[in-house]
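Everything on this sheet refers to the single structure shown next.
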Amino acid sequence: MIQQQPAAITSDVKLAGITSQEVSSLVTVDPMNRVNDLFAEWDTMDTVNAVRVALEERFEVTMIEADDAAFEKFRSIRPFFAFNIAEGLRGPSREAQIPAMLEMLGIPYLGSDPLTLGICLDKSRAKEILAYHGIPTPAFAVVGSFAELQRVPFDLPAIVKPLHEGSSKGIYNSSVVRTAADLEREVHTVLTVYREPALLEEFLDGREFTAAILGNGDRARVLPIVEIKFDALPAGANPIYSYEAKWLWDTVENPLEIYECPARLTQELTRSIEKMCRDAYQVLRCRDWTRIDVRLDRRGNPHILEINPLPGILPRPEDNSCFPKAARTAGMTYSQLINSVLDIAMERCGIAVAGRYGSSPQAGPASL
């Protein structure tokens, strides 16, 4: 048996101690009085521990929190590989911060590089690259002030989003705007609450899907496509996967039947979505894994909404997490998903690992 050196899991930790009922009670219809969604992107300890348990089937694991002490911990421990799931906290480059540290120290890691992570978090930059390569994405404009509202190049309805957020932060039921007053209100909310530019995007009224991609180069494959079923939302809700839909209406105690996987698609539409997502994965130079959100226009043509190179990986089926759901539909357990993407990333880095997942696991003491 070959003893591997310690691997590290790098993650954020979401604040705990607030029940879903208590969070729901904070929500009002006033866009300026929203629930505090600052930590929406961060993983819970349940997720971090589920990843740790999966990796401990083969390796010694060290947990490193993505805080201001992370660099010194990496420099001291020198793990042979970092399983990075850290979203960061501040600034449009926050997802790139830990990978940049790892690159400075010469420590190989899971996932996309700092440049791709930064581009994909800035939704407009990602969409500019997609448009340049002829990959469909809804028409959009970036608004940094009210004066810029006069230059929006498309008609309402539209959807208003913070420019560089994830996990539906800043995207509420009210974010779909159909009047000039609605538009001004939502832009004001983004500029003042999130203190960043607003992304205005043409609202597509077709079906919505998400595609999980696993692998690199020609071996990258799309797992079974997930459809977001908007008929599961409360009556009168806009057909979007909003913050309310993701985190408030859909709870572990009362999960919404909001996902269908595999999605019911024609072969032609399946091939079209898969090709478009693989193309986007390649032109944005994503690595190892990514989740891509897709929506149809009124003619049934797919368009890419967002690229998520740090996909959510909540472990329990009742958590309604898209990437694990697609993996389960493909016949993979949670542990198999985590260890498979680890093998994919280490192979990309040229690291030969005895006992690739599926054969005899590498045992080793845990280090927490």
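The values are calculated or read from the model by the stated rules, or taken from the named source; none is laboratory data. What you are looking at is a predicted structure, and each value in this text was computed from that prediction instead of being measured. Here the Cβ is made from the backbone with ideal geometry for all residues, glycine too, and neighbour counts use every protein chain on show.
Can you tell me which residue within region 187-205, out of those that are in contact with a Leu (Cβ under 9 Å, 6 or more places away or on another chain) and assigned to a helix (DSSP H, G or I), is surrounded by the most Cβ atoms within 10 Å (Cβ to Cβ)?
Among those that are in contact with a Leu (Cβ under 9 Å, 6 or more places away or on another chain) and assigned to a helix (DSSP H, G or I), it is 190.
Restricting attention to helices (runs of 4 or more DSSP H) lying wholly within region 70-147, give those where 3 or more residues are surrounded by 21 or more Cβ atoms within 10 Å (Cβ to Cβ).
By residue number, 97-105, 114-121, 123-132.
Output the number of residues of region 46-69 satisfying the condition of being under 24 Å from residue 352 (Cβ atoms), among the hydrophobic types (A, V, I, L, M, F, W, C) and not in a strand (DSSP E or B).
Adding up the residues that qualify gives 4.
In region 325-352, what count of residues is obtained for those that are over 26 Å from residue 294 (Cβ atoms), aliphatic (A, V, I, L, M), touching a residue at least 60 places away in the same chain (Cβ under 8 Å) and assigned to a loop (DSSP other than H, G, I, E, B)?
Adding up the residues that qualify gives 1.
Residues are listed down the side, and each one gets a yes or a no for (1) at negative phi; (2) among the hydrophobic types (A, V, I, L, M, F, W, C); (3) modelled with pLDDT of 95 or more:
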| site | (1), (2), (3) |
| --- | --- |
| 248 | yes, yes, no |
| 251 | yes, no, no |
| 256 | yes, yes, no |
| 274 | yes, no, yes |
| 277 | yes, yes, yes |
| 284 | yes, yes, yes |
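Given the criterion under 19 Å from residue 327 (Cβ atoms), modelled with pLDDT of 95 or more and among the acidic types (Asp, Glu), identify the matching residue among 227, 268.
227
What is the number of the single condition among (1) surrounded by 19 or more Cβ atoms within 10 Å (Cβ to Cβ); (2) more than 26 Å from residue 94 (Cα to Cα) that residue 281 does not meet?
The failed condition is (2).
Name every residue in region 309-324 that is over 14 Å from the mean Cα position of the chain (by Cα), buried (at least 17 other Cβ atoms within 10 Å of the Cβ) and in a helix (DSSP H, G or I), in order of residue number.
Just the residues of region 309-324 that are over 14 Å from the mean Cα position of the chain (by Cα), to begin with: 315-319.
Filter once more, so that each one left must be buried (at least 17 other Cβ atoms within 10 Å of the Cβ): 315, 319.
Of everything in region 309-324, just one residue is over 14 Å from the mean Cα position of the chain (by Cα), buried (at least 17 other Cβ atoms within 10 Å of the Cβ) and in a helix (DSSP H, G or I), namely 319.
Are there any pairs, at least 6 apart or on different chains, whose C-beta atoms fall under 8 Å, with the first in region 215-233 and free of Cβ contacts under 8 Å to residues at least 12 places away in the same chain and the second among the small types (Gly, Ala, Ser), and if so, which?
221/215
Can you tell me which condition residue 230 does not meet? The list is (1) within 21 Å of the chain's Cα centre (by Cα); (2) surrounded by 16 or more Cβ atoms within 10 Å (Cβ to Cβ), and all the others hold.
(2)
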